[in-house]
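The values are calculated or read from the model by the stated rules, or taken from the named source; none is laboratory data. These figures come from a predicted structure and were not determined experimentally. Note: ideal-geometry Cβ built from the backbone for every residue, glycine included; neighbour counts use all protein chains shown.
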Amino acid sequence: MLVAIVVAILTLIVAALVAVAFFALRERLRTSSSVHVKRGRASISSIDTLDVASASSSTDGLPDTHVKTSSSPDGRASAPLNARFAAIGVFAAGVFATLGAKLFGMQILQASSYQKQANENKYTDVSTPAPRGYIYDADGVALVKNRSSLTVLADADVLSDHDVVLRLSAVLGIPYNVVRSRLQDTSSGAQSQRVIASDASLRNVAFIAEHSDAFPGVNIQNRTIRSYPYGALAAHVLGYTGAVSDADLKSVPANRDIELGDEVGKSGVEYTYDEILSGEHGRRRVVADADGNVVRVVAETQPTRGSDLYLTIKAPVQYVVDKELAELIAPKGVIGTGKGVAGACVVMDVTDGSIVAMSSYPTYSPETFIGGISQDIWDLYSSKSSYYPLLNRTISGTYAAASTFKSFTGLAALRYGFADTSKYWTCTGSWDGFNTGSPQKCWLKTGHGSLDFKGGIVQSCDVVFYDIAYNFYYAGKSQGGTLSDTAMQEEPAKFRFGQLTGIDLASEEAGRIPTPEWKQSYWADVPTEGVWRGGDMTNTVIGQGDVLVTPIQVAVAYGAIATGNLMRPHVLKEVRNGDNVAAVTFEPQIIDVPDVDEKNYAILRDALNGVAGSNSALAKSFRDVGMDPWDVACKTGTAEMTDTEDFGWFACYAPYDDPKYVVAVMIEQGGGGSTSAGPIGAKALAAALAADAGELKEVGAVAASSGESVAYVSSSSGRTD
């Protein structure tokens, strides 16, 4: 900027000097262009401007006269013409002086600036994508790696060249319409090149390279892409990557360098820890010819691979859970040919909140997203008939909690004296405490007979809990009582229901604990429906009605029953740098210590310990995996649905005397929890304990869901818990 100002000033000064010289010379020439004639000292031989004869005459007696002369034919009297030439000369000098000043500024004063611009035109800086870090399980089993891939890319304007599109289709063996759709894809930026094919064969790549004139706007890159040795294993935890989009570029974190063409995390830990997994771009300074071909590499900085993640997931346990869910729901690879249509299972270490296994079915293969997912597959995965494989049901699926909720409403009853170890209830199979004339039914229509609190938990008797809800309802201030109208709901809220658990995965849902305030707000447009009634309480107490929970919430809550601490669930164990040194280690976090009397915990734990041993189906499931059912504390549940088959629940922890793992399982349309979710829970718990003992090491590939389904016909005999 300063140099430009100096040059401008010099130019103005030169222009001013030229102007002054021009006008001074002009004035001088004008003065000297007249002839002074004196009487008697000169004779006039010829005056063309006077209309007189050319003869000589005397000038005696005439006054002095000034006469302007015209130019003569021989140029001897051409002063005006000389003035013009002089002016032109001065003007030319001014032009050259100005150019000289400008040249001085460019060559001397601005030389460094122009040299820099010349270098910038001469050299081109090319960014080299950085490989992402690896992802390992807790024991060092590689779940996600990198590999090289020959990628065919094309400029966006190739779309308008019908012949090139046809050639690409023929050479790559990709349908013409698919090539066109990929050229129209702007997900990686409107100006970026489109990925036409990943993992192209060397033969096809060589053909395109040898016939580059026939493929204008098409080039080949050797890219590093993700590799998944075990297919869909832990797919919802790992997540997938995709090309950076315009939206990604608009929200780049402060410490993240993202460029068009990069791969970024889109879900799972790939998304959560994207900044850690992504490395630093490499840089190449090259000299290119007029056609853009690299002639010489001047300097090069190699890209740096991102840091590696070690997860809390244990691959052998994850393999068991993934495999068992798939075999239960889709034994023939098609949903509807087994028990239930979808499911979720989570295994958590109760001592530190680490997630040992997290499975959701149907599942998908993250490799499907390499190079961009096709529209056909995206439409399939988004269809109702596929049961949404991309949905991580463990954290994003919300369901009625069913009888698993009774543990927490039971603690509320123990807290306020509506239940204790000495109180008994009589179950006849139905209950109409509100005298509505429409009795509510227990799941066992014939009734359970006389039960205490432990019997109510073990048998999952609804009548016991209907009576508990009745007492809470009339003890509320709105009914003339002294308790809060939400006293019963406040106990489950202590265990994180209705709130996020804080797991380090995106898209977690909070669920819902219904209250009078919530219902009034929900039905704001229909006030008559927003009135809180006794039936709302009896539905809520057994985890039905408007109650919504996620499997991760159930696992965290039952973990708190086992230990008294609410642990923050997490999948990250540690981050290791390029030297394989732990740079970051996750520290266990107690997010809350529920205000529960230890005596009440003891009553509830004892009741939960009696469930598996007293339920023949559950007892068999545990014995089949080599476990003693009396060494487990658990609760079953069956969520009754109005338009589909019932959903099955199972939650458990073990060992009972020294809890280590908690498991939560949910099977959509699986029927009774004891027969659908229970066996999966038993196998998951046994696998976690076996892995600790060094007895479980097998890890295999898991197949993604095909997206196919047939009409499901349940074999369930109805609710049994």
Practice task
Select from the range 219-260 the residues that are surrounded by 16 or more Cβ atoms within 10 Å (Cβ to Cβ) and among the charged types (D, E, K, R) and write down the one among them that is farthest from Val356 (Cα to Cα).
Solution key: Arg223
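Right, Gly410: touching a residue at least 40 places away in the same chain (Cβ under 8 Å), buried (at least 16 other Cβ atoms within 10 Å of the Cβ) and not in a helix (DSSP H, G or I) or not? Walk me through it before giving the result.
On the way: touching a residue at least 40 places away in the same chain (Cβ under 8 Å): yes; buried (at least 16 other Cβ atoms within 10 Å of the Cβ): yes; not in a helix (DSSP H, G or I): no.
So Gly410 does not fit the description; no.
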Practice task
Would you check if Ala200 is more than 30 Å from Val320 (Cβ to Cβ), assigned by TED's automatic domain parsing to the domain that holds Tyr134 and within 29 Å of the chain's Cα centre (by Cα)?
Solution key: yes
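Need a quick list: helices (runs of 4 or more DSSP H) entirely within the range 210-277 having at least 3 residues that are outside the structural domain of Ala703 (by TED's automatic domain parsing) and farther than 30 Å from Val347 by Cα.
On the way: elements: 235-238, 246-250, 268-272, 274-277.
Because the criterion is at least 3 residues that are outside the structural domain of Ala703 (by TED's automatic domain parsing) and farther than 30 Å from Val347 by Cα, the helices (runs of 4 or more DSSP H) in the range 210-277 that meet it are 246-250.
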Practice task
State all residues of the range 437-458 that are touching a residue at least 24 places away in the same chain (Cβ under 8 Å) and polar (S, T, N, Q); if no residue qualifies, say none.
Solution key: Gln440, Ser450
Practice task
Restrict the check to the range 625-635 and report whether at least one residue is among the aromatic types (Phe, Trp, Tyr) and farther than 30 Å from Glu324 by Cβ.
Solution key: no
Problem - Qualifying strands (runs of 3 or more DSSP E) (wholly inside the range 282-386; at least 1 residues being surrounded by fewer than 20 Cβ atoms within 10 Å (Cβ to Cβ) and touching a residue at least 24 places away in the same chain (Cβ under 8 Å)) - result: 282-288, 294-301
Practice task
Would you check which residues across the range 140-158 are crowded, with 18+ Cβ neighbours inside 10 Å and not in a strand (DSSP E or B) and list them?
Solution key: Val141, Val158
Fill in the blank from the handout: Every listed condition ((1) assigned by TED's automatic domain parsing to the domain that holds Ile680; (2) in contact (Cβ under 8 Å) with a residue 24 or more places away in the chain; (3) surrounded by fewer than 17 Cβ atoms within 10 Å (Cβ to Cβ)) holds for Leu604 save (3)
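In the range 498-535, how many residues are among the hydrophobic types (A, V, I, L, M, F, W, C) and over 25 Å from Gln479 (Cα atoms)? Steps first, answer last, please.
To start, the set of residues in the range 498-535 that are among the hydrophobic types (A, V, I, L, M, F, W, C) comprises 500, 503, 505-506, 510, 513, 518, 523-524, 526, 531-532.
Adding the requirement that they be over 25 Å from Gln479 (Cα atoms) leaves 500, 503, 505-506, 510.
Of the residues in the range 498-535, 5 are among the hydrophobic types (A, V, I, L, M, F, W, C) and over 25 Å from Gln479 (Cα atoms).
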Completion exercise
Scanning the range 676-721 for residues that are among the basic types (Lys, Arg) and not in a helix (DSSP H, G or I), the one modelled with the highest pLDDT turns out to be Lys697
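State all residues of the range 413-447 that are in contact with a helix residue (DSSP H, G or I) (Cβ under 7 Å, 6 or more places away or on another chain) and assigned to a loop (DSSP other than H, G, I, E, B); if no residue qualifies, say none. Let's see the steps before the verdict.
Filtering the range 413-447 for residues in contact with a helix residue (DSSP H, G or I) (Cβ under 7 Å, 6 or more places away or on another chain) gives 413-416, 418-421, 423, 425, 427, 431, 433-434, 440, 442-443.
Selection gives Phe418, Ala419, Asp420, Thr421, Lys423, Gly433, Phe434, Cys442, Trp443.
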Handout entry: Residue match in the range 635-652 (condition: closer than 23 Å to Gly333 by Cα and free of Cβ contacts under 8 Å to residues at least 60 places away in the same chain)
Key = yes
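Restricting the range 434-455 to residues that are of a type in the set (Gly, Ala, Ser) and at pLDDT 95 or above, which is nearest to the chain's Cα centre (by Cα)?
Of the range 434-455, the ones of a type in the set (Gly, Ala, Ser) are 437-438, 447, 449-450, 455.
Of the ones still in play, those that are also at pLDDT 95 or above are 447, 449-450, 455.
Values: Gly447: 51, Gly449: 54, Ser450: 54, Gly455: 47 Å.
Among those that are of a type in the set (Gly, Ala, Ser) and at pLDDT 95 or above, it is Gly455.
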Problem - Qualifying positions in the range 606-622 - of a type outside the set (S, T, N, Q) and in contact with a helix residue (DSSP H, G or I) (Cβ under 7 Å, 6 or more places away or on another chain) - result: Asp606, Ala607, Leu608, Gly610, Val611, Ala612, Gly613, Ala617, Leu618, Ala619, Phe622
Problem - Residue, nearest to Thr394 (Cα to Cα), within the range 509-533, restricted to residues that are out of contact with any Gly (no Cβ under 8 Å at 6 or more places or on another chain) and part of a loop (DSSP other than H, G, I, E, B) - result: Thr515
